[in-house]
């Protein structure tokens, strides 16, 4: 029997999932994991259970047959004593305008796999990508002009944004395709053949069908060498991320990313830091064109805004900041009186947010100050005092002095109901005239915009 190693500790999570399409590679992985779990379970008090997670894409006329094949296979293996379960989910919808079928299917597949895993209480998903897949990925990224992140290919371990604490593992990235084929044959495993694998409209298929045979003939070690190149790229990517972690703290302020300080770095470090910051903000990989244009801008003192990923990028007083689309154009509700004198969250749907009140030991306000407050929009003429010994100035000048752009000023004011004195202003916080004395119980205010789970920047 071929020696296929998992390099995964199955005894830790106790419920392990395999992304199972029904094809040769995922069938081999599912069987290999189930066999090893069966052996482990002879000595474990709490047995390991292996779940097959199958996604029905609805793109092939054979999709229903593949689903049925997986269900039948799982029943047969369970009858043989293998600790297996079968779960499946169907994709709905269709690609958005300008989105390829491949991209739509990939995004939907990962989302469906994550949802099934979370529902089943699974924290580890194994995927059957092998060394040939890694080599193909590097080639495709190179042909597309990809950067280091693309050339790094697929990581062995990964946590994808938006999928909670799920770990995606590829235990066979160093395993040759031939070993997997030999394992399937030796075990007599049945699997499905995806008819779309012969469709040259898809770039990976063209590479496999038209390019790879000639490449492997001319360079017999191509698969191993390209996979090794991906490992080197992964090291380079790790170094880039470490450098960005060192550079970014010195470039950031409450106003955002300081462009002159960014440009003071070497071109390579500036580009790297900007890419890292954009990825942190948007959750998306910035294009080379976008990074180049931002670094080349001469109008850094202008006030500009433009779409960027799922939100808006702002330029204000030499600083870049990013705002999710959800927060752009915050709604303005009607004026109302509130009692915020107790800790808790006070939703304000018509304003698109909520007040969060929490107990603190300093930098807060007295509870009695929040017993009767008025929430309303700015009308003009309001005064705000930033420090205890300072002079109250117009709210407009206070914002200008703090260098806060318009998008950081969104949200309602809180005023004392009896005197109409400003108590809280978005972006500035609590007026110094309402600060509580040190050493007494006090409360902290935060305005949370709709969809925010963390404190807003204007807290």
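Quick notes on this one:
- Qualifying residue in segment 59-79 (condition: modelled with pLDDT of 95 or more and touching a helix residue (DSSP H, G or I) at 6+ places or on another chain (Cβ under 7 Å)): yes
- Residues that are farther than 24 Å from residue 340 by Cα and either in the same structural domain as residue 319 (by TED's automatic domain parsing) or modelled with pLDDT under 80 (or both) within segment 389-417 comprise 403, 404, 405, 406, 407, listed in sequence order.
- Flag if residue 239 is free of Cβ contacts under 8 Å to residues at least 40 places away in the same chain, closer than 14 Å to residue 319 by Cα and within 23 Å of the chain's Cα centre (by Cα): no
- Residue check for residue 226: buried (at least 19 other Cβ atoms within 10 Å of the Cβ) and modelled with pLDDT under 95: no
Condition check ((1) out of contact with any helix residue (DSSP H, G or I) (no Cβ under 6 Å at 6 or more places or on another chain); (2) without any contact (Cβ under 8 Å) to a residue 12 or more places away in the chain) across all residues:
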{"residue": "128", "(1), (2)": "no, no"}
{"residue": "135", "(1), (2)": "no, no"}
{"residue": "139", "(1), (2)": "yes, no"}
{"residue": "147", "(1), (2)": "yes, no"}
{"residue": "151", "(1), (2)": "no, no"}
{"residue": "190", "(1), (2)": "yes, no"}
{"residue": "206", "(1), (2)": "yes, yes"}
{"residue": "220", "(1), (2)": "yes, yes"}
{"residue": "224", "(1), (2)": "yes, no"}
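- Summed over segment 176-188, the residues that are out of contact with any helix residue (DSSP H, G or I) (no Cβ under 6 Å at 6 or more places or on another chain) and not in a helix (DSSP H, G or I) give a count of 1.
- Residue match in segment 151-169 (condition: assigned by TED's automatic domain parsing to the domain that holds residue 223 and part of a helix (DSSP H, G or I)): yes
- Within segment 411-433, the set of residues being within 34 Å of the chain's Cα centre (by Cα), without any contact (Cβ under 8 Å) to a residue 40 or more places away in the chain and farther than 22 Å from residue 362 by Cβ comprises just one member, 413.
- Filter pass, residue 265 being in a helix (DSSP H, G or I) and over 22 Å from residue 399 (Cβ atoms): no
- Among the residues listed as 356, 382, 368, the single one being outside the structural domain of residue 160 (by TED's automatic domain parsing), within 34 Å of the chain's Cα centre (by Cα) and in contact (Cβ under 8 Å) with a residue 12 or more places away in the chain: 356
- Residue 310 in contact with a helix residue (DSSP H, G or I) (Cβ under 6 Å, 6 or more places away or on another chain) and at negative phi: yes
- Residue match in segment 133-146 (condition: crowded, with 16+ Cβ neighbours inside 10 Å and in contact with a strand residue (DSSP E or B) (Cβ under 8 Å, 6 or more places away or on another chain)): no
- Tally of residues being within 15 Å of residue 22 (Cβ to Cβ), loosely packed, with under 14 Cβ neighbours inside 10 Å and in contact (Cβ under 8 Å) with a residue 24 or more places away in the chain across segment 61-89: 1
The values are calculated or read from the model by the stated rules, or taken from the named source; none is laboratory data. Quantities reported herein were computed from a predicted structural model and do not represent experimental measurements. No Cβ is skipped: glycine too gets one built from the backbone with ideal geometry, and neighbour counts run over all protein chains shown.
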